[in-house]
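A quick write-up on the structure given underneath.
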2 protein chains.
Amino acid sequence: MPIKMKVINNIGRCQAAFRKSELDIEIPPGRHAYVLAICREPGRTQDALASDLCVNKSSVARVLDTFEELGYVERRPSPEDKRCLLIYPTEKMLAVYPQIREVTLRWNALLTEGISEGELEIFNSVLMRIEGRAREIFKELSEDKK
Amino acid sequence: MPIKMKVINNIGRCQAAFRKSELDIEIPPGRHAYVLAICREPGRTQDALASDLCVNKSSVARVLDTFEELGYVERRPSPEDKRCLLIYPTEKMLAVYPQIREVTLRWNALLTEGISEGELEIFNSVLMRIEGRAREIFKELSEDKK
């Protein structure tokens, strides 16, 4: 029995619509995951962020350029290696972070109404393994490109 | 126990990277779901397509404009109501459909390696209910906008 990515992607698109209706923030569309990732762990490299978010390095660079132009992030040299830039959220990004986090948590909770704890436990365990597999394939693709 | 949309969205982004590496087609980025939906059921209205794909009507209209410009779709008047336009794939879209479908099915199968049938059954059953819930919320949002 295969899984249906169609269903997984539909859930993602519904979430995007929910976020759009609940939030009045000028974050570039579909980039909320970046805000959550940057604020959750400030001071990471661009490459670490790309790997966390499962996007390629050139896409992350482009998105961070936009965020920098809009005043949402700062790139600061690493104290250990000045050539290496680390990504930090600005006050402007930290100000929108709680709202984005709240809407995300609310959505997550809305989805599971009426589903038993036992089923959710199995669901989450399979979901994590599927994500692990997806990340493995993603990593192989990134390494092939080098 | 809530579910983690972060994990669900990561799987989606890994799939996008996989598709990009496996396919050499000029489909606008992230629009493969449209090709699958249009070819699976040709002759639907724009609104039916929006609802199937969980995107708002103005986004679907914009994406279909691009597809039309690239020669991938045709809008033809419905035989029952000439004012109503139905969406059909062109030969150009039908030519890329089998490749997109093959890569999608291959990805779906890769993800579930090593997961037992019993677990997958529960996983898929919960996933369908979560999607149903997500669609309900999406529908409410679309109705609020009217």
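Some observations on this one:
- Residue identified as free of Cβ contacts under 8 Å to residues at least 12 places away in the same chain and within 16 Å of the chain's Cα centre (by Cα) among A:102, A:69, A:91, A:80: A:102
- So residue B:94, is it within 14 Å of chain A (Cβ to nearest Cβ), touching a helix residue (DSSP H, G or I) at 6+ places or on another chain (Cβ under 8 Å) and either buried (at least 16 other Cβ atoms within 10 Å of the Cβ) or assigned to a helix (DSSP H, G or I) (or both): no
- Check on residue B:85, closer than 27 Å to residue B:46 by Cβ and in contact with a Ser or Thr (Cβ under 8 Å, 6 or more places away or on another chain): yes
- Members of segment B:112-133 that are in a loop (DSSP other than H, G, I, E, B) and either more than 22 Å from residue B:15 (Cα to Cα) or open to solvent by 60 Å² or more (accessible area, probe 1.4 Å) (or both): B:113, B:114
- Checklist (1) more than 7 Å from every other protein chain (Cβ to nearest Cβ); (2) surrounded by fewer than 14 Cβ atoms within 10 Å (Cβ to Cβ); (3) in a helix (DSSP H, G or I) applied to residue B:109, failing item: (1)
- Among the residues of segment B:123-137, those identified as at the interface with another protein chain (Cβ under 8 Å from one of its Cβ atoms) and under 19 Å from residue B:2 (Cβ atoms) are B:123, B:125, B:126, B:127, B:128, B:129, B:130, B:131, B:133, B:134, B:135, B:137.
- Any chance residue A:136 is assigned to a loop (DSSP other than H, G, I, E, B), acidic (Asp, Glu) and open to solvent by 60 Å² or more (accessible area, probe 1.4 Å): no
- Filtered by the rule that a residue be in contact (Cβ under 8 Å) with a residue 12 or more places away in the chain and more than 7 Å from every other protein chain (Cβ to nearest Cβ), segment A:1-28 gives A:16, A:19, A:22, A:23, A:25, A:26, A:27, A:28.
The values are calculated or read from the model by the stated rules, or taken from the named source; none is laboratory data. From a predicted model like this one, the values you see are computed outputs, not experimental measurements. A quick note on method: Cβ atoms are made from the backbone with ideal geometry, for glycine too, and the neighbour counts reach across all protein chains shown. Just so you know, the surface numbers come from the protein's heavy atoms only, side chains and all, with ligands and any DNA or RNA stripped out. Shrake-Rupley method; radii C 1.70, N 1.55, O 1.52, S 1.80 Å.
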